[in-house]
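One structure below.
The values are calculated or read from the model by the stated rules, or taken from the named source; none is laboratory data. Quick caveat: nothing in here was measured; it's all calculated off a predicted structure. Heads up, the Cβs are rebuilt from the backbone with ideal geometry, glycines too, and the neighbour counts pull from every protein chain shown.
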């Protein structure tokens, strides 16, 4: 299904907002430990946007450098995780799918970092699974 564009996302309190003007490059579930800790959930869904195809439309989020070359963006008021950026993914940012107002067209098409998946959490679908994305451990 194609996304309705522009797509809009926001944090819980509504201070941090963004807009995407193009379809995502990709969308996937991430099972890595770092993403689980950042969201306090057993798995999270991301989508990748090319730089220039998105913009902050509200307050600019706060930033936490979880490792060298890795940036996690969040609302400084309510704490909502908004996005992930890393030097190893130049030219794109990864937004948390759940922050979108309309998630149509941003559905995950695979699972990444399943080597770190919690043993008691299984998503029962037929999407492809990749054990590890190079350099992702402990981001």
Q | Answer residue from the range 89-104, given it is assigned to a loop (DSSP other than H, G, I, E, B) and on the phi < 0 side of the Ramachandran plot and is surrounded by the fewest Cβ atoms within 10 Å (Cβ to Cβ) among those | A | 90
Q: Take the range 77-88 and flag every residue that is part of a loop (DSSP other than H, G, I, E, B), modelled with pLDDT of 95 or more and farther than 15 Å from residue 12 by Cβ.
A: 87
Q.
Out of everything in the range 58-72 that is under 12 Å from residue 18 (Cα atoms) and touching a strand residue (DSSP E or B) at 6+ places or on another chain (Cβ under 6 Å), what residue ends up being surrounded by the most Cβ atoms within 10 Å (Cβ to Cβ)?
A. 61
(Q) I'm trying to understand the selection: among the residues of the range 104-119, which are in contact with a helix residue (DSSP H, G or I) (Cβ under 6 Å, 6 or more places away or on another chain) and within 17 Å of residue 8 (Cβ to Cβ)? (A) 106
